[in-house]
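Notes for the one structure printed next.
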Amino acid sequence: MSPRHVCTGSDPDDWLGIGEAEETGRDARQATAARWELLRAMDPTKKIKGTFRPLAIECVKATASFLADIAVVLGIAFAVIQLTHADRSERRRVAIDAVNQTRSPAFLKAYTNLKMSYQGGQVHGDLPLLEDVNYLVNVYEHIALLYMNDLADKCLIRQSVYPALRELSPIWDAMSYPKNYRENIDRLLIAMEQNDCK
């Protein structure tokens, strides 16, 4: 009797669709052996009971693919964390380099000369003093550009620069130092006053 249907079950009767066929002239053991032989002949890729089947292989492939996707996501997350850490470290390095300029002997000498001249009331008509002022302004101008363009760690700069810069501002006013020469420095002061880094 010809098969009435084909299915994907694991039982030979179901898979071959001959569950309703008559089995005459053979006992049950012979019939089962014949069905397995027919199963092998029709689809050699199928494995018999107790071994892996294509469905199991597909499950393994799907699991491996899923794990690979998770690995990719974790790799991306790790890369983002690394980039963020590298960016933070670079911003701190830039800030430290900028602040170190205010610790150099030349800077400290110019700063001390300007402050002592201001305290002694001698801040006008002195060319060497004007050169000191220009040097200080150039250093702070560079720091201001880094700060305003968010290229360096702002809190580190503020903690290191703000107190001294606040002291210099009235000195420059007393010297009538042109404001257009220190626009960025004045903006820097305002920005640092608004950022308390708490």
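Structure above, values below:
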| quantity | calculated |
| --- | --- |
| Cβ-Cβ FRET estimate between Asp186 and Arg93, R0 fixed at 30 Å, reported to 0.05 | 0.65 |
| For region 137-147, 3J(HN,Hα) per residue [Karplus equation, 6.51 cos²θ - 1.76 cosθ + 1.60, θ = phi - 60°, Hz, x = Gly/Pro] | 5, 4, 5, 5, 4, 4, 5, 4, 5, 5, 5 |
| Order of Ser169, Ser104, Ser117 - criterion: other Cβ atoms within 10 Å of each residue's Cβ, fewest first | Ser104, Ser169, Ser117 |
| Theoretical gain in end-to-end length, Ile81 to Ser104 [0.36 nm per residue, Cα-Cα removed] | 4.8 nm |
| Projected label distance in nm at Val72 and Gln159, using a 7 Å step from Cα toward the beta-carbon | 4.2 |
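Computed from the coordinates by the stated procedures, all read-outs in this text should not be read as laboratory data. Everything quoted here is computed from the prediction, not taken from an experiment. Every residue, glycine as well, gets a Cβ built from its backbone with ideal geometry; the counts of neighbours run over all protein chains shown.
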